[in-house]
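The values are calculated or read from the model by the stated rules, or taken from the named source; none is laboratory data. Predicted model, so just to flag it, every value in this text is computed and none were measured. Virtual Cβ from ideal backbone geometry, glycine too; neighbours counted across all protein chains shown.
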Amino acid sequence: MLRIEGLTKSFGKAGVHQVSLGLGRGQILALLGASGSGKTTLLNLVAGLLLPDSGRIFLDGEDVTNLPPERRGLAYVFQDHALWPHLTVLEHLLLVMKEPRKEEALALLERVGLLGLERRRPHQLSGGQKQRVALARALAARPRLLLLDEPYSALDPVLREELRLEVASLLRAEGVGALHVTHDPDEALAVADRVAVLEGGRIVQEGLPAEVYARPNSLAAARAFGRLNLLPVEVRGGQVGWDGVVWPVEGVQEGPGFLAFRYEELVPSPAGLLARVEASYDGRGERLCRVRLGWGEAVVKLEALPGQEVRLAPVGLLRVFPR
Amino acid sequence: MAAPFWWLLWLGVASPLLVLAARGLGNLSLVPKVLDLAGASLALALAGSLLCLLVGGGLAWLAFRARLHPGWDVLLLSAYLVPPFVGALGFLYALQMLGLRPYGVGGILLAWTAHYAPMAYLLLRPALEHRLAPLLLACEAHGVRGGRRLRALLPPVLPALVAAFGALYLTLLGNFGVPAVLGLPAQVYTLPTLAYSRLFSPASPDPLGEAAAVGLLLGLLALPAVLLHSAPVGEPALRPLRPRWPWAARLGFLLFALLGVGLPLVGLLQRALFNTFSGAFEPAFSAALALPLVRQGLLNSVGLALLATGLLLMLGLLLAPWPEAARRLRRLLDLHYLLPGTLLAIGLILVFAPTPIYATPWLLLLAYLLNFAALMLRAVEVGLEGGVERLVGVGRLFGLGPRRAWFRIGYPLLWPYLAAGVFLVMPLALAELTLSALLYAPGAETLGVAVLSALNGGLFREAAAIGLLLMAFSLLLLLLPRRGVVA
């Protein structure tokens, strides 16, 4: 339903270059990337708040590249909500509905848990309630595509996790597709059908969330999900080695590079590389250890105590990215 | 919009100044004769600006350190809202009451400081809160004191101090009312009062040409400060700083209000209410209102103020949906807001003398519109940039047409800012003197002109009575809500 072809916009440091994307009906695509990678610029181009230098945008097969925002049939959930301070919750919904019907608006408010607050104005609402109003407004507009720009970043962790799951299921129930900008990998993993990682205004990898997490094709894609160790290594004949232990790797096959692996990708193994536990701490529901390996220090998901020595080996093929 | 359109508009708006420059250049022979006077005018404006900056900046610093509640601002605002020439009139009478000689440099500086130190305060307090609060917090947390603290705090506020000084200098250099009341009777001239007296001098062979030459000089002295002028700062967030010397700030504010408003008020009251010779209670209001000039002035001033404000309000409403055009037009009209009104008035005389609108209230209306338009557009701009423009854009994104987006979102949100613009322009127009003193004609007098001629005609009690009315009206504005727009 959304197709982007070769979209380019020079825009200071946060421009986008030759971006092409596709999104099916009712799908949620997460745009992941560091700040300044062009995520919000891409969103604003799709919204029509910015016009591209080149490239095309299609919605349901219709070329909307040069249409003004109001003719694109979109809705936008902003990071700072962008609610209208002088309107009540109910008026927010009625104003954007194509055929304003109070019962329908109230039903929608009930679905997002705002029933009873319909007469309040934004300054009388909490952060989470404001976010729900922004969301209800977006749904009330019955958009062809929903744009979300870090919608939960201002909320507390519990509310954030609660709301993102609710919203994802709501969108799926309505069959509304969404482009969801975030820099929070957990959010991308939790809500998205597909993930696109942006770096320097270019899409470096696109695919299923679990796939991009497990098999990043670049340093930028690997970094986007966090929980990453990077150790400087020399690759010889497709292997890295230390103290007589060798691990075959993919990626760089010869010369210097960064060995990249996530916290859970090294496990205890009798034939593994000797590592010394420097410190250990509780992560969220798991034990994490900072260990000294041959090439340097790394964080590993491991039940061990400081001072202990363990032998570690990779669970699969580790990747080496060019230095 | 097309560039030629803007060029034509610029030419039209700037034409009074261009014509004035041309005419002034033809009368340069006058310049050497008034050069020492220009120097004195410059020195007076510089001294006044420094004084206002010291007093207003000092109060801003005290209030900043004391975390003084914004409610206290009313005390300073009250002095700022009283029209400067009315304040000057009050000081004149009050100082005479005390047996002091009010005319001359001392009286002018006193009246200026009373009126414009609050302007320095209004310009500097937000800058202190914005720039200094986090830095002061860091100084306190890290134990930085004395000279090292000054080194950490002064450079960041220096641009704000320079900008405030520039704004004060421009205002004082162009101020006509105070030196007209406290300088002219003692033959102490500033450039605006000199231009005025040259224009009405019966001895001069070419009064208009001489006034234009003085105007040109005034413009040259004002120009560097126009370049210093900076955009207004928004409303600051209060920081959790510990209050220091709260009593000093409160005392400072109270003393200022007593001196800046109380003293002239007493002077005006004493003159207006009591017979000068017998000392009996004998209010002069009915006598003042019976003067034909006052009636005419009241009618013209109220009419012009309402009409000018209404037209500018409409301009604001019309231009709001085109923020870029509004900004461009504002920058253009800043010319007449920032440069001394004397230049505009003489320029308008030169341009319109051959036309039928010369010597009618319509020329005054045009002058008011040109002078105050930038203020109204600034108010609109503050609103647009304060979020209104974006929230309208959000409405458009959700599929609202331009008309619906503006009527349901834009205008309701812009309303407080437009109201602020109205409350800025209306009192200025009502008590206007700089323009009307030069542009008035029989039948086209204003209240300000009526006060001035009552004063010149020896009708001191009547002048005091009208002054009191203007003061009362100005202070009524304190009751109205203000928002976002400063100075």
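Restricting the range B:461-475 to residues that are more than 21 Å from the chain's Cα centre (by Cα) and within 14 Å of B:Phe85 (Cα to Cα), the residue that is surrounded by the fewest Cβ atoms within 10 Å (Cβ to Cβ) is B:Ala465. If you check B:Gly443 against the conditions, is it outside any helix (DSSP H, G or I), closer than 27 Å to B:Val13 by Cα and in contact (Cβ under 8 Å) with a residue 40 or more places away in the chain? Against the criterion (outside any helix (DSSP H, G or I), closer than 27 Å to B:Val13 by Cα and in contact (Cβ under 8 Å) with a residue 40 or more places away in the chain), B:Gly443 qualifies. Listed by position, the strands (runs of 3 or more DSSP E) enclosed by the range A:1-120 that each have at least 3 residues that are within 22 Å of B:Ile409 (Cα to Cα) and within 14 Å of chain B (Cβ to nearest Cβ) are A:74-77. The residue pairs whose first member lies in the range B:341-358 and is touching a residue at least 12 places away in the same chain (Cβ under 8 Å) and under 24 Å from B:Leu170 (Cα atoms), whose second member is among the charged types (D, E, K, R) and in a helix (DSSP H, G or I), and whose beta carbons are closer than 6 Å, counting only pairs six or more residues apart or on different chains, are B:Leu350/B:Arg23. Taken over the range B:1-20, the criterion of being in a helix (DSSP H, G or I), in contact (Cβ under 8 Å) with a residue 24 or more places away in the chain and farther than 18 Å from B:Ile346 by Cβ is satisfied by B:Trp6, B:Leu9, B:Trp10.
Run down A:Leu45, A:Leu67, A:Leu2 and say which single residue is surrounded by 21 or more Cβ atoms within 10 Å (Cβ to Cβ) and either charged (D, E, K, R) or touching a Gly at 6+ places or on another chain (Cβ under 7 Å) (or both). Before the answer, list the steps.
Values: A:Leu45 fails: either charged (D, E, K, R) or touching a Gly at 6+ places or on another chain (Cβ under 7 Å) (or both); A:Leu67 fails: surrounded by 21 or more Cβ atoms within 10 Å (Cβ to Cβ).
Checking each option against the conditions leaves just A:Leu2.
Looking for whichever is aliphatic (A, V, I, L, M) and modelled with pLDDT of 95 or more here; the options are B:Leu366, B:Leu414, B:Leu400, B:Leu418. Which one fits? The match here is B:Leu366.
Within the range B:412-419, is even one residue more than 31 Å from the chain's Cα centre (by Cα), farther than 27 Å from B:Leu338 by Cβ, within 14 Å of chain A (Cβ to nearest Cβ) and surrounded by fewer than 22 Cβ atoms within 10 Å (Cβ to Cβ)? So far as the range B:412-419 goes, no, none of its residues is more than 31 Å from the chain's Cα centre (by Cα), farther than 27 Å from B:Leu338 by Cβ, within 14 Å of chain A (Cβ to nearest Cβ) and surrounded by fewer than 22 Cβ atoms within 10 Å (Cβ to Cβ). The residues of the range A:140-175 that are modelled with pLDDT under 85, aliphatic (A, V, I, L, M) and outside any helix (DSSP H, G or I), listed by number, are A:Ala154, A:Leu155.
For the range A:146-158, does any single residue satisfy the condition of being touching a Gly at 6+ places or on another chain (Cβ under 8 Å), farther than 23 Å from B:Gly410 by Cα and buried (at least 21 other Cβ atoms within 10 Å of the Cβ)? Yes. Against the list (1) modelled with pLDDT of 90 or more; (2) under 22 Å from the mean Cα position of the chain (by Cα); (3) over 19 Å from B:Gly48 (Cβ atoms), the condition B:Ala127 fails is (1).
Please verify whether the range B:234-244 includes one or more residues that are in a loop (DSSP other than H, G, I, E, B), under 20 Å from the mean Cα position of the chain (by Cα) and either over 22 Å from B:Ala437 (Cα atoms) or among the hydroxyl-bearing types (Ser, Thr, Tyr) (or both). Let's see the steps before the verdict.
Within the range B:234-244, the first condition is being in a loop (DSSP other than H, G, I, E, B), and the residues that meet it are B:234-244.
So of that shortlist, the ones also under 20 Å from the mean Cα position of the chain (by Cα) come out as B:234.
Those left that are additionally either over 22 Å from B:Ala437 (Cα atoms) or among the hydroxyl-bearing types (Ser, Thr, Tyr) (or both): B:234.
Among the residues of the range B:234-244, at least one is in a loop (DSSP other than H, G, I, E, B), under 20 Å from the mean Cα position of the chain (by Cα) and either over 22 Å from B:Ala437 (Cα atoms) or among the hydroxyl-bearing types (Ser, Thr, Tyr) (or both), which makes the answer yes.
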